[in-house]
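Enquirer: Quick one: the structure is below, and I'll ask about it shortly.
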Amino acid sequence: GENVEQHPSTLSVQEGDSAVIKCTYSDSASNYFPWYKQELGKRPQLIIDIRSNVGEKKDQRIAVTLNKTAKHFSLHITETQPEDSAVYFCAASSARTSYDKVIFGPGTSLSVIP
Amino acid sequence: GAVVSQHPSRVICKSGTSVKIECRSLDFQATTMFWYRQFPKKSLMLMATSNEGSKATYEQGVEKDKFLINHASLTLSTLTVTSAHPEDSSFYICSATTTSGAETQYFGPGTRLLVL
């Protein structure tokens, strides 16, 4: 089955700097890669996603890149703000069956220091 | 749109009792719902996938007789933790997709279960 790895597990940046989180996946059939942000005690919230027919996607300060050949995808947050502090999960999904099972990475705890 | 609710938000029970957690899609029909378990500072571990009107599909290592899942309608799925033990204490989160084949999952707020 699919296995998603994520690095780093913790990341601390100064406010205004950029943060990069990297993930790898094992199943070459995976074709959908969402990123979720989870604040302490809250539900995960989708922040951006990318599909396998696209190499890069940007939404304001957040961008995601995908390298299908290497099975790598990354989240880039620019001009970080304290409210960006949270745990970020990457995930991979393959529509092999009638439902779409999403496998999550272990998460990255991001701290933005004011 | 795409709001998912969960009830209860917190539950404390005695060891040996059963606990039912409800997951509802409030403004859409959810063909598929997913149940996750999350330990403190850990990732979301998929327990099972629930399809309306059919038996749930459990992930390897998840006891189907321990974690009973029912998806009786397009807006409601329930997870029952039977004969709960302290090791079942965890944060349980459900999610739903809006249409079959759509990948985006919308998460419920989670249920924190504490078994004494």
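Enquirer: Let me confirm something: among B:39, B:34, which residue is within 14 Å of chain A (Cβ to nearest Cβ), in contact (Cβ under 8 Å) with a residue 12 or more places away in the chain and farther than 21 Å from residue B:96 by Cβ?
Expert: B:39
Enquirer: Follow-up question, since we're still on this one. Do the conditions hold for residue B:12, that is, is it away from chain A (no Cβ under 12 Å), in contact (Cβ under 8 Å) with a residue 24 or more places away in the chain and under 11 Å from the mean Cα position of the chain (by Cα)?
Expert: Spelling it out, it is not the case that residue B:12 is away from chain A (no Cβ under 12 Å), in contact (Cβ under 8 Å) with a residue 24 or more places away in the chain and under 11 Å from the mean Cα position of the chain (by Cα).
Enquirer: I've got another one for you. Residue B:61 passes all but one of (1) of a type in the set (Gly, Ala, Ser); (2) over 14 Å from the mean Cα position of the chain (by Cα); (3) over 22 Å from residue A:106 (Cβ atoms); which number fails?
Expert: So the condition that residue B:61 fails would be (3).
Enquirer: Follow-up question, since we're still on this one. Report, ordered by the first and then the second residue, all pairs with beta carbons closer than 9 Å, sequence separation of six or more or different chains, a first member in region A:77-90 that is in a loop (DSSP other than H, G, I, E, B), and a second member that is among the hydroxyl-bearing types (Ser, Thr, Tyr).
Expert: Partner pairs satisfying both residue conditions: A:78/A:18; A:79/A:18; A:80/A:18; A:85/A:109; A:85/A:111.
Enquirer: Would region A:3-19 turn up any residue that is hydrophobic (A, V, I, L, M, F, W, C) and within 14 Å of another protein chain (Cβ to nearest Cβ)?
Expert: Yes, region A:3-19 contains a residue that is hydrophobic (A, V, I, L, M, F, W, C) and within 14 Å of another protein chain (Cβ to nearest Cβ).
Enquirer: Looking at this structure, is residue A:42 without any contact (Cβ under 8 Å) to a residue 40 or more places away in the chain and not aliphatic (A, V, I, L, M)?
Expert: It is true that residue A:42 is without any contact (Cβ under 8 Å) to a residue 40 or more places away in the chain and not aliphatic (A, V, I, L, M).
Enquirer: Going by what's in this entry, would residue B:83 be described as surrounded by fewer than 20 Cβ atoms within 10 Å (Cβ to Cβ), under 21 Å from residue B:12 (Cβ atoms) and touching a residue at least 60 places away in the same chain (Cβ under 8 Å)?
Expert: Yes: the conditions hold for residue B:83.
Enquirer: Against the conditions (1) touching a Phe, Trp or Tyr at 6+ places or on another chain (Cβ under 7 Å); (2) closer than 24 Å to residue A:6 by Cβ; (3) within 9 Å of another protein chain (Cβ to nearest Cβ), where does residue B:90 fall short? Just the number, please.
Expert: (3) is the only condition that residue B:90 fails.
Enquirer: Please return the ranges of strands (runs of 3 or more DSSP E) entirely within region B:13-99 where 3 or more residues are within 28 Å of residue A:86 (Cα to Cα).
Expert: B:19-25, B:32-38, B:44-51, B:90-97
Enquirer: Same structure, new question: For region B:15-44, enumerate the residues that are of a type in the set (A, V, I, L, M) and within 11 Å of the chain's Cα centre (by Cα).
Expert: Answer for region B:15-44, where residues must be of a type in the set (A, V, I, L, M) and within 11 Å of the chain's Cα centre (by Cα): B:21, B:33.
Enquirer: Okay, moving on. Can you work out which of the residues in region A:82-100 that are in contact with a strand residue (DSSP E or B) (Cβ under 6 Å, 6 or more places away or on another chain) and at pLDDT 95 or above is surrounded by the most Cβ atoms within 10 Å (Cβ to Cβ)?
Expert: A:90
Enquirer: On the given criteria, is residue A:58 more than 30 Å from residue B:112 (Cα to Cα) and under 14 Å from the mean Cα position of the chain (by Cα)?
Expert: yes
Enquirer: Kindly state which strands (runs of 3 or more DSSP E) lie completely within region A:1-66 and contain at least 3 residues that are within 24 Å of residue B:41 (Cβ to Cβ).
Expert: A:4-7, A:10-14, A:19-25, A:32-38, A:45-51
Enquirer: Given the options A:109, A:93, name the one that is of a type in the set (Ser, Thr, Tyr), within 8 Å of another protein chain (Cβ to nearest Cβ) and farther than 21 Å from residue B:104 by Cβ.
Expert: A:109
The values are calculated or read from the model by the stated rules, or taken from the named source; none is laboratory data. Note that the structure is predicted; figures quoted are calculated from it, not measured. Cβ coordinates were reconstructed from backbone atoms using ideal geometry, including for glycine residues, and neighbour counts include every protein chain displayed.
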